[in-house]
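Notes for the one structure printed next.
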Amino acid sequence: MSIDAEKLQGWIGKRQEVNERLAAWAVHAWNATLDREDEKPKEGDPLPPGAHWIFFHEAARTSQLGEDGHPQRGGFLPPVELPRRMWAGGRLQFLKKLAIGERATRTSEVMSVAVKEGRTGPLVFVTVKHEIAGAEGVAIVEEHDIVYRGWPSEAEKAKQPPAAPPAAEAVWSREIVPTPPLLFRYSALTFNGHRIHYDHPYVTQVEGYPGLIVHGPLMATLLLDLVRREAPEKRLTGFSFRGMSPVFDTAPFHVNGTPKDGGADLWIAGPGNYLGMQATATFG
């Protein structure tokens, strides 16, 4: 497939602004989805790290969705004519407090669009910068990497994923059972219609995967949640993550972490100890 790089780069600098109230019920539902035993959050409580991902979503009409469940291409994001869109990773800075119940504004800008040729065909990488501001000013700065690619080749399907660090290196660890209700709830909270997360016939018969795919932001959220569980006294100031291999609902996986000076190394280990995601947390 030929990709018109010049056309896509015309989206660089495109901006979008969304204003929303950080509703307490949504955070309560988010905590329940993560199987936390927290008391029901109240207005004025700090917004937990990662909970901003359940807000500021585009509400495209159902008739405007593509076959894969995503909004049709060509709105805020460039109209990349490749069938698969994935979260590749991101970098976040937590600068100030956001309070549950307050109104906040997310300002987004397309920072870069890069077309590359991979071993299995063309790839398009898009980086979007988000700034989320509340009553105290800009509270979160996020750079979000998105990758677009073609249908998986047989060689890609057969490729062995990278190995995760040995399980014995994990000081913190939780087993996660990726049930369809967990994936559905996260899709609903983030208004994500992408069918690979809830439509088993579609993801296996059309996209050729062995099962439902665990969302990239859900895996990142689970790593942030591990830090919140294991080091609740720490103030998180930074978080960077990178998706390494898909994780499916076909077996449990582990979210792992090892504290280090000034932060923690984090990773997700799939069955057989392959690396699904790697991340770093920074404490202030």
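A count restricted to region 226-277 and to residues that are in contact with a Leu (Cβ under 7 Å, 6 or more places away or on another chain) and without any contact (Cβ under 8 Å) to a residue 60 or more places away in the chain stands at 2. In region 226-257, the residue that is farthest from the chain's Cα centre (by Cα) out of those that are among the β-branched types (Val, Ile, Thr) and closer than 25 Å to residue 46 by Cα is 237. Would you mind stating whether residue 16 is in a strand (DSSP E or B) and under 23 Å from residue 236 (Cβ atoms)? In short, no.
Looking across 215, 194, 200, one residue alone is at pLDDT 95 or above, under 22 Å from residue 55 (Cβ atoms) and assigned by the TED database to the domain that holds residue 169. It is 215.
Screening residue 75 on (1) without any contact (Cβ under 8 Å) to a residue 60 or more places away in the chain; (2) within 20 Å of residue 240 (Cα to Cα) shows it passes everything except condition (2).
When we screen 59, 88, 104, 114 for residues that are at pLDDT below 95, assigned by the TED database to the domain that holds residue 4 and in contact with an Asp or Glu (Cβ under 7 Å, 6 or more places away or on another chain), the only hit is 88. Taken over region 61-98, the criterion of being among the small types (Gly, Ala, Ser) and open to solvent by less than 20 Å² (accessible area, probe 1.4 Å) is satisfied by 69, 89, 90.
Which helices (runs of 4 or more DSSP H) does region 140-245 wholly contain that include 3 or more residues that are open to solvent by less than 60 Å² (accessible area, probe 1.4 Å) and closer than 20 Å to residue 275 by Cβ?
Correct list: 216-230.
The values are calculated or read from the model by the stated rules, or taken from the named source; none is laboratory data. Computed from a predicted structure; not experimentally measured. Heads up, the Cβs are rebuilt from the backbone with ideal geometry, glycines too, and the neighbour counts pull from every protein chain shown. Heads up: the accessible areas ignore ligands, DNA and RNA and are worked out on the full protein's heavy atoms, side chains in. Shrake-Rupley method; radii C 1.70, N 1.55, O 1.52, S 1.80 Å.
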